[in-house]
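Novice: Attaching a single structure in structure tokens format; questions to follow.
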Amino acid sequence: MKKHILLIIVLSLFSTIGCQEDLEELFNNPNVYSPSGEEIVPGMFAYMIQRTASFKDQNFSWYRNINAPGLGFPMRTHLASNPHNSTVRFNNYDDHVTSFPTLGLGRLYDYGFQNFKELPLMEQRIAEMSEEEQQDMKVYAYMTRIFWLNCVLKSVDVHNAIPYSEALKGSEGVFFPKFDDPWEIYQDAMAKFKEYGDGIQSAVANLSPKGKILFDQYDIMFKGDADKWAQLANAWRLRAAIRVSDVYPNEAGAIIAEILADGNLPTEDLETPQGEDWISRANGGPGYKGNISRWIYHMWASPEVLYWLDDDRDHVYTEGVDDPRLPALIIPNREGLYIPISYKFDVALAMTDSVQAWNNADFGYNNFWYSSNDRYNSANRHFDHDAWAHWNPFSFHSLVEPVRIFTVAEVQLLLAEAALKNLGNTGSTARQHIENAVESSINYWYRINDWGEQTSPGLASVPNVDDYNGKGVNFYQMSFPDKPSDAVIQAWAAKVGQDFENAADTEAKMEVLMQQKYIDININEVLELFAELRRTRHPTLGKFREQGDLLIEDNGMVERLIYPNAPADFNTEQLSQVQDQNNYSTPIFWVPDNKRGVSPYVENDLYYYPEYPGIPETFKD
């Protein structure tokens with residue numbers, strides 16, 4: 001009886017998190033509704049997935065990172081920059097990560113345990129069912145376990161050893177779980193991805209007619225498509241195998257061979273259904289899309305990414321000369337120019353018109369929170385005031401656009417590295433995979449930008465005139481560019497492929513590959529790129545300066561995060577076993593020996609003094 005009461009309490013929490021419309025219709029008043037037994041397990045699955053959004057970085061590295069005083073990973077990866085916020089300018093490791101254990105990416109550790117705490121209860125509930133009932137319910141345990149594994153690996157990627165084999169076992173009396181070896185965690189997770197992916201397909205194939213109806217209703221990710229679940233499991237498994245391949249090439253190669261033999265990797269972008277703001281109120285706010293909407297205006301485009309896109313570096317987009325993704329990903333400054341922010345922060349702050357605009361309450365950046373018209377009015381003010389180019393908000397913050405989970409472009413980039421390093425027979429050359437990735441990425445970003453144009457309210461406030469403020473440009477057209485022809489897209493992909501082919505050696509080729517990964521994944525998944533930057537030490541990035549002094553880059557990489565407060569306060573004995581690694585400088589286990597101590601940050605005057613007349617000459621001394 002006690003167990004059943006706990007189940008009802010869990011389900012009553014639906015009323016506080018803004019569940020998907022299907023669930024709201026089913027549980028019209030969750031506080032008084034008593035669900036039937038067959039609805040409890042599917043409801044628990046939907047609840048855990050909605051609450052955590054654990055397949056995405058945004059829930060971690062946007063609100064829980066950017067909104068924290070320890071803001072920094074978009075900066076450390078050099079995807080974006082914001083010199084106006086004093087908390088992003090660090091001189092040492094402690095300044096950089098002071099608040100992470102409680103507010104920032106240290107929450108990854110908490111998410112893996114706190115937000116999946118109902119998983120053992122779900123599995124216990126299934127175990128108590130009849131064999132016939134289990135046949136309809138075990139698919140939900142498989143799906144939840146896949147998401148938990150992804151969260152576990154994200155946590156390993158920032159901490160190294162974490163509790164795993166004894167995690168989520170409070171019901172068995174295990175309250176102080178040991179910290180497992182990170183390589184052993186990865187090995188087990190890669191095996192489990194296959195087990196659960198295969199299990200989903202088998203379970204769905206054997207669902208009863210009633211079980212199939214429930215599955216189609218409660219599968220809030222892929223609407224009952226079991227093959228997409230298997231593809232996602234394989235994609236996450238491939239990502240994990242590539243991650244460890246520089247340290248464990250034989251083991252990684254064997255897993256990659258299994259994945260390639262299975263042949264079931266995503267052939268179309270995996271994303272949530274369009275038109276559903278299905279996690280909009282997670283964590284008590286407008287949720288992860290709302291958080292992107294709010295915080296994207298704090299991040300100017302980094303010079304590295306902008307110059308990779310603006311191939312001739314003339315600050316304008318020229319079709320056939322520059323990367324076609326430039327106008328889909330970046331909006332220009334008030335002059336209609338793609339001017340990157342300076343990495344010499346006193347230079348950036350000297351551009352007073354932009355500073356005053358951002359510090360002026362009338363600019364309205366605090367109104368981005370879920371108020372669509374205010375967001376677009378603020379975009380209008382960007383075109384009036386801002387001296388620097390921004391990530392294009394219309395490609396990132398439509399509240400009903402599909403949520404990116406895993407794209408074909410990333411799959412192709414992973415296969416490109418596998419082919420480059422002879423980790424498996426992918427059926428194509430590394431260059432062919434690179435070109436496939438570029439084509440897919442261009443098509444993806446124009447589709448998302450078009451989706452934003454079709455669904456975004458308040459677009460009338462974006463100036464749709466040919467000579468706005470006498471600047472000679474149409475900002476509406478620059479915010480929603482026309483997609484180039486297939487010939488232009490293919491030509492650009494071939495150009496990148498040729499750059500890859502011309503690269504002198506494996507390291508030079510990895511530089512091209514990682515630049516493409518940065519461009520495609522970009523601010524969508526900052527944490528993924530931070531892991532790849534530490535693993536490969538590519539791409540090469542600039543160094544920040546402030547009043548002539550170098551900042552944290554001179555200390556090398558931030559290799560890992562210290563553990564959050566929870567294990568330090570409540571699991572002290574087990575934490576003591578890995579306390580020697582509880583610092584910011586111990587590399588994660590998947591960093592190869594020849595990369596340890598190597599910094600991707602270099603001096604580059606190009607990133608200090610963008611060609612723009614507003615920079616005072618005196619700051620060049």
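Novice: Those residues that are under 20 Å from Ser165 (Cβ atoms), surrounded by fewer than 18 Cβ atoms within 10 Å (Cβ to Cβ) and of a type outside the set (A, V, I, L, M, F, W, C), I need them from segment 562-599; list them, please.
Specialist: Residues satisfying the conditions are Asn571, Thr572, Glu573, Gln574, Ser576, Gln577, Gln579.
Novice: So which residues in segment 165-184 are part of a helix (DSSP H, G or I) and within 19 Å of Pro120 (Cα to Cα), if there are any at all?
Specialist: Once the filter is applied, which keeps residues that are part of a helix (DSSP H, G or I) and within 19 Å of Pro120 (Cα to Cα), segment 165-184 yields Gly170, Ser171, Glu172.
Novice: Turning to a different aspect of this structure: Any idea how many residues of segment 208-237 are open to solvent by less than 60 Å² (accessible area, probe 1.4 Å) and either hydrophobic (A, V, I, L, M, F, W, C) or assigned to a loop (DSSP other than H, G, I, E, B) (or both)?
Specialist: So the answer is 16.
Novice: Here's something else I'd like to know. Ser576 fails exactly one of the following numbered conditions: (1) in a loop (DSSP other than H, G, I, E, B); (2) of a type in the set (Ser, Thr, Tyr); (3) modelled with pLDDT of 70 or more. What is the number of that condition?
Specialist: (1)
Novice: Please verify whether segment 452-471 includes one or more residues that are at positive phi and either modelled with pLDDT of 95 or more or assigned to a loop (DSSP other than H, G, I, E, B) (or both).
Specialist: Scanning segment 452-471, I find at least one residue that is at positive phi and either modelled with pLDDT of 95 or more or assigned to a loop (DSSP other than H, G, I, E, B) (or both), so the answer is yes.
Novice: Which condition does Glu195 not pass, out of (1) within 29 Å of the chain's Cα centre (by Cα); (2) not in a helix (DSSP H, G or I), if it passes all the others?
Specialist: (2)
Novice: Pairs needed: first member in segment 394-419, within 17 Å of Gln454 (Cβ to Cβ) and among the β-branched types (Val, Ile, Thr); second member anywhere, modelled with pLDDT of 75 or more and surrounded by fewer than 24 Cβ atoms within 10 Å (Cβ to Cβ); C-beta distance under 6 Å; at least 6 residues apart or different chains.
Specialist: What qualifies is Val403/Glu271; Val403/Thr272.
Novice: Can you spot a residue in segment 479-487 that is in a helix (DSSP H, G or I), buried (at least 22 other Cβ atoms within 10 Å of the Cβ) and of a type in the set (Phe, Trp, Tyr)?
Specialist: no
Novice: Could you check Asn373 against (1) buried (at least 19 other Cβ atoms within 10 Å of the Cβ); (2) part of a helix (DSSP H, G or I); (3) modelled with pLDDT under 80; (4) over 20 Å from the mean Cα position of the chain (by Cα) and say which number it fails?
Specialist: (1)
The values are calculated or read from the model by the stated rules, or taken from the named source; none is laboratory data. Every value quoted in this text rests on a predicted model; they were computed, and no experiment measured them. Here Cβ is always computed from backbone atoms with ideal geometry, including for glycine, and neighbour counts include all displayed protein chains. Just the protein is used for accessible areas: all its heavy atoms, side chains included, with ligands, DNA and RNA removed. Shrake-Rupley method; radii C 1.70, N 1.55, O 1.52, S 1.80 Å.
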